[in-house]
1. Regarding region 24-45, can at least one residue be identified that is surrounded by fewer than 20 Cβ atoms within 10 Å (Cβ to Cβ), modelled with pLDDT of 95 or more and farther than 21 Å from Val284 by Cβ?
2. So Glu169 fits all but one of (1) part of a strand (DSSP E or B); (2) away from the ligand (no atom under 16 Å from the Cβ); (3) open to solvent by 10 Å² or more (accessible area, probe 1.4 Å); what number is the exception?
3. Out of all the residues in region 207-221, which are out of contact with any His (no Cβ under 9 Å at 6 or more places or on another chain) and either open to solvent by 10 Å² or more (accessible area, probe 1.4 Å) or free of Cβ contacts under 8 Å to residues at least 24 places away in the same chain (or both)?
4. Restricting to region 182-206, name every residue that is buried (at least 23 other Cβ atoms within 10 Å of the Cβ), farther than 20 Å from Gly87 by Cα and within 10 Å of the ligand (Cβ to nearest atom).
5. May I ask you to list the residues in region 277-307 that are of a type in the set (A, V, I, L, M), in contact with a Ser or Thr (Cβ under 8 Å, 6 or more places away or on another chain) and either farther than 21 Å from Tyr76 by Cα or open to solvent by less than 30 Å² (accessible area, probe 1.4 Å) (or both)?
6. Output the residue which, of all residues in region 53-76 that are surrounded by 15 or more Cβ atoms within 10 Å (Cβ to Cβ) and farther than 29 Å from Gly287 by Cβ, is modelled with the lowest pLDDT.
7. Kindly establish whether Trp101 is touching a strand residue (DSSP E or B) at 6+ places or on another chain (Cβ under 6 Å), aromatic (Phe, Trp, Tyr) and modelled with pLDDT of 95 or more.
8. Give region 225-250 a look and list any residue that's within 11 Å of the ligand (Cβ to nearest atom) and either over 16 Å from the mean Cα position of the chain (by Cα) or open to solvent by 10 Å² or more (accessible area, probe 1.4 Å) (or both), or say none.
Amino acid sequence: MTVYKYPKPLPSEITPKETFLNRRSFMKAAGIASATALSGGLAINSSHAMTPSLEFSKSKYSITDEPNPIEDIKSYNNFYEFGTGKGDPAANAGSLTTKPWNIKIDGLTNKPGEIDIEDLMSKFDMEERIYRLRCVEAWSMVIPWVGIPLRDVINAYEPQGSAKYVSFETLVRPEEMSGQRGLGGLDWPYVEGLRMDEAMHPLTILAVGIYGEPMPNQNGAPVRLVVPWKYGFKSIKSIVRMSFTENEPPTTWNKLAPNEYGFYSNVNPTVDHPRWSQKAERIVGSGIFAKKRETEMFNGYADEVASLYEGMDLAKFY
Ligand code: MTE
């Protein structure tokens, strides 16, 4: 079993904060968007001069496993708004326009409002988070996300004491989202939710990029959730609304098949899906004789998140 308990970055990998901030304000003043070199580790192709790269720092929360190549991450997707096949999002998501993009924040908050994606990215500090994405379909890949800790955003919007959950909603725009046209499919918008303490956990991020570049459309541009200890379907893409609620919000897959997908959906190798085992996962991109790895409790984050579920019988389906 791989052990990856928040490995500390090597001293050589840490950009001294002062240098980071100085260079950051310099780059802002000079109007230079690309600051990925500051992160000191990622091999970003600087010849992508036309694509604005993201400013971010490294994080102690990253795992040390080698990330999958960008080709895997961009070509093998689940994004039902663009079709149900693994290659459909890559083939069809080019039609999605992500500028302008606003996220509405409402419900039980003292500061309801709307934030533009550009403001979100400039107001909050971004970090690289290398996480394994473990899909409920028993495959996984390692993805170097760039994101904002969700708790920072939540704190800025001051949820009221009665807020116990956060719900999330994906865009509905059938003219650009081919999977939303016609009959069948899911009930749109795709909706998801977290309990407030899960949303406030430091591992939970709003991801805006991969490999230092803005989020590819097929991965949920311009902003999606990433909750690394839960099955991938909790990590809702292309978010347009976040609401603070008192009651557990409905979630797309749970509405469709409540006996197969729970609200919590924590990665758990001891609880099989009714139609397949969850004990192991196929490593995407490992060739025709695909390699497998043992699935870990909470996807490897048991020490960090198990306490959130004290009193719940983890051998049970939730
Ligand atoms: N979000 C929306 N809006 N629509 C979806 O179909 N699929 C989920 C999740 N978020 C999905 C979604 C599932 S099942 C998984 S495994 C992950 O996105 C896949 O993320 P990736 O394509 O970036 O690997």
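The values are calculated or read from the model by the stated rules, or taken from the named source; none is laboratory data. Quick caveat, the model's predicted, so the values are computed rather than measured. Note that each Cβ is placed from the backbone with ideal geometry, even for glycine, and that neighbours are counted across all protein chains shown. Each accessible area value is taken on the protein alone, full model and side chains, heavy atoms only, with ligands, DNA and RNA left out. Shrake-Rupley method; radii C 1.70, N 1.55, O 1.52, S 1.80 Å.
1. Scanning region 24-45 turns up no residue that is surrounded by fewer than 20 Cβ atoms within 10 Å (Cβ to Cβ), modelled with pLDDT of 95 or more and farther than 21 Å from Val284 by Cβ.
2. Tallying (1) part of a strand (DSSP E or B); (2) away from the ligand (no atom under 16 Å from the Cβ); (3) open to solvent by 10 Å² or more (accessible area, probe 1.4 Å), Glu169 fails exactly one: (2).
3. Tyr211, Pro214, Met215, Pro216, Asn217, Gln218 - these are the residues of region 207-221 that are out of contact with any His (no Cβ under 9 Å at 6 or more places or on another chain) and either open to solvent by 10 Å² or more (accessible area, probe 1.4 Å) or free of Cβ contacts under 8 Å to residues at least 24 places away in the same chain (or both).
4. Glu192
5. Across region 277-307, the qualifying residues are Val284, Met297.
6. Ser53
7. Judged against the criteria, Trp101 is not a match.
8. Hits for region 225-250 are Tyr231, Gly232, Phe233, Lys237, Val240.
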